[in-house]
Amino acid sequence: MDDELGRNLRKALGSLNPIIEEVQGSLLYVSRSYWPRIDDQARTSIFNHAINDFSSLIDQLQEGDGRNCARTSRSLYEHLVNYCWVTAHEEAKERYIAHASVTLELLAKMRRGAMLLSSVQRKRELHRLNKIERSNRSKLAATYKQYGKSFARDWAAVSLRERAELCGFGSSYDTYKLLSQVTHGSFGGTLGTRREGQGLPIHRVGPSLELAVLAYPEGLSFFRDLCRRIEIIDGVDACELVDAINLLIQAWPIYKGACEWLDKQLWPNSPPPRPTSILALYPGGGARWFLWEPAFSVVTQAPPPQDARVFEDGARKHLGVNIPDYFKTDLDGKPVTVAVHGVPLTVSSKSKWYPAESILQETDPA
């Protein structure tokens with residue numbers, strides 16, 4: 001998020017700081033109590049996922065980073081369901097751990113970065129990856145023999161939805177589906193960064209505060225419910241952490257109000273003006289094409305489009321007089337310019353941009 005926007009949001013959320021500090025302090029206590037006493041690779045690995053994602057979620061919420069808030073909250077739902085599932089089913093626990101061989105197989109195929117290294121470093125990296133592949137080969141074969149090739153797609157033999165319902169969390173599955181739209185690139189995943197204005201789409205590059213508001217109570221609740229389970233299942237004292245998270249959940253109206261206030265400052269009332277192709281006509285009969293960015297009041301020269309001569313002749317005809325007659329008036333040395341709508345011009349990232357007033361008489365997009 002932009003520094004100024006970030007400062008404004010953190011200032012608006014100042015009243016939440018004591019609660020967040022209490023949550024973080026309790027989280028440290030729980031984490032240091034949990035791992036030394038639990039001898040279960042599946043459960044401890046899932047809790048590792050969860051506690052790291054929860055810590056990330058707290059940071060993302062404070063930054064208003066809604067897209068990542070959505071991704072993290074959906075992951076916390078999976079961690080909650082997975083934890084309860086492997087606790088209740090011994091085979092599920094074994095499958096979860098066995099999936100490590102699939103991870104190693106995928107890791108051994110990660111070669112893109114190696115190709116960017118120097119020859120010596122590349123040889124060393126490829127040797128490391130090949131060694132991982134060789135040492136994992138027999139274990140992977142045994143895993144596929146036991147569980148089948150479909151095991152590579154998912155460690156669990158039961159869908160997440162079925163597992164969630166059996167574990168008592170089926171009511172949150174639709175929330176999970178909504179939050180997943182960001183990860184899957186679905187149309188709904190643009191919530192908070194795209195909206196209609198005057199019949200045109202407005203695309204915003206930056207934080208989705210709307211998604212942050214939605215993800216806030218969901219992600220916090222998923223992790224809180226997991227902490228309740230480790231109290232019941234593992235006997236870890238998470239009472240203070242659960243209470244602190246509940247206080248943070250109850251503060252959602254404060255968070256919602258702050259984000260909505262800031263969001264109003266970010267969205268324009270109407271779509272920003274689009275880049276416009278400009279045809280510049282000169283006294284000697286020559287013509288040049290420019291791309292005008294009215295939002296930034298700059299122009300850059302561009303290669304002529306196809307059928308440029310047709311457009312140029314049409315512009316001269318539209319003006320209704322000889323171009324040289326225009327230059328009998330005082331144009332401050334500027335060409336006669338005509339906006340040509342619907343004709344795209346191609347410019348590169350290396351194009352040089354100049355103030356629009358260097359060729360235009362009037363640069364007000366309105």
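The values are calculated or read from the model by the stated rules, or taken from the named source; none is laboratory data. This structure is a prediction, so every number in the text was calculated from the model and none was measured. Virtual Cβ from ideal backbone geometry, glycine too; neighbours counted across all protein chains shown.
At a glance:
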quantity: Filtered residue count, the stretch 63-77, keeping only those that are modelled with pLDDT of 95 or more and either of a type in the set (Lys, Arg) or surrounded by fewer than 21 Cβ atoms within 10 Å (Cβ to Cβ) (or both); calculated: 4
quantity: Residue check for Asp65: under 22 Å from Asp243 (Cβ atoms) and within 19 Å of the chain's Cα centre (by Cα); calculated: no
quantity: Test for Leu191: is it assigned by TED's automatic domain parsing to the domain that holds Pro36, buried (at least 20 other Cβ atoms within 10 Å of the Cβ) and of a type in the set (A, V, I, L, M); calculated: no
quantity: In the stretch 213-229, the residues that are among the acidic types (Asp, Glu) and more than 22 Å from the chain's Cα centre (by Cα); calculated: Asp225
quantity: Single condition His49 does not satisfy, out of (1) at pLDDT 95 or above; (2) more than 32 Å from the chain's Cα centre (by Cα); calculated: (2)
quantity: Residues (loosely packed, with under 15 Cβ neighbours inside 10 Å and either of a type in the set (Lys, Arg) or not in a helix (DSSP H, G or I) (or both)) located in the stretch 21-62; calculated: Arg32, Arg37, Asp39
quantity: Residues satisfying the stated conditions in the stretch 147-190, i.e. at pLDDT 95 or above, assigned to a helix (DSSP H, G or I) and over 27 Å from the mean Cα position of the chain (by Cα); calculated: Tyr147, Phe151, Glu162, Arg163, Glu165, Leu166, Cys167
quantity: Long-range neighbours under 6 Å by Cβ, at least six apart or interchain, first residue acidic (Asp, Glu) within the stretch 91-108, second at pLDDT 95 or above and part of a helix (DSSP H, G or I); calculated: Glu105/Leu140
quantity: Any hit, the stretch 84-98, residues being assigned to a loop (DSSP other than H, G, I, E, B), crowded, with 17+ Cβ neighbours inside 10 Å and either of a type outside the set (Lys, Arg) or in the same structural domain as Phe54 (by TED's automatic domain parsing) (or both); calculated: yes
quantity: Residues of the stretch 222-232 satisfying the condition of being out of contact with any Leu (no Cβ under 9 Å at 6 or more places or on another chain) and closer than 22 Å to Tyr176 by Cβ; calculated: Arg228, Ile230
quantity: Top-ranked residue in the stretch 99-108 [being touching a helix residue (DSSP H, G or I) at 6+ places or on another chain (Cβ under 8 Å) and of a type outside the set (Gly, Ala, Ser); ranked as surrounded by the fewest Cβ atoms within 10 Å (Cβ to Cβ)]; calculated: Leu107
quantity: Test for Ser270: is it buried (at least 18 other Cβ atoms within 10 Å of the Cβ) and of a type in the set (S, T, N, Q); calculated: no
quantity: Counted residues, the stretch 194-237 - those being of a type in the set (Lys, Arg) and either surrounded by 23 or more Cβ atoms within 10 Å (Cβ to Cβ) or closer than 27 Å to Asp40 by Cβ (or both); calculated: 3
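Table: residues versus (1) hydrophobic (A, V, I, L, M, F, W, C); (2) without any contact (Cβ under 8 Å) to a residue 40 or more places away in the chain.
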site	(1), (2)
Arg7	no, yes
Lys11	no, yes
Pro18	no, yes
Leu27	yes, no
Val30	yes, no
Tyr34	no, no
Gln41	no, no
Ile46	yes, no
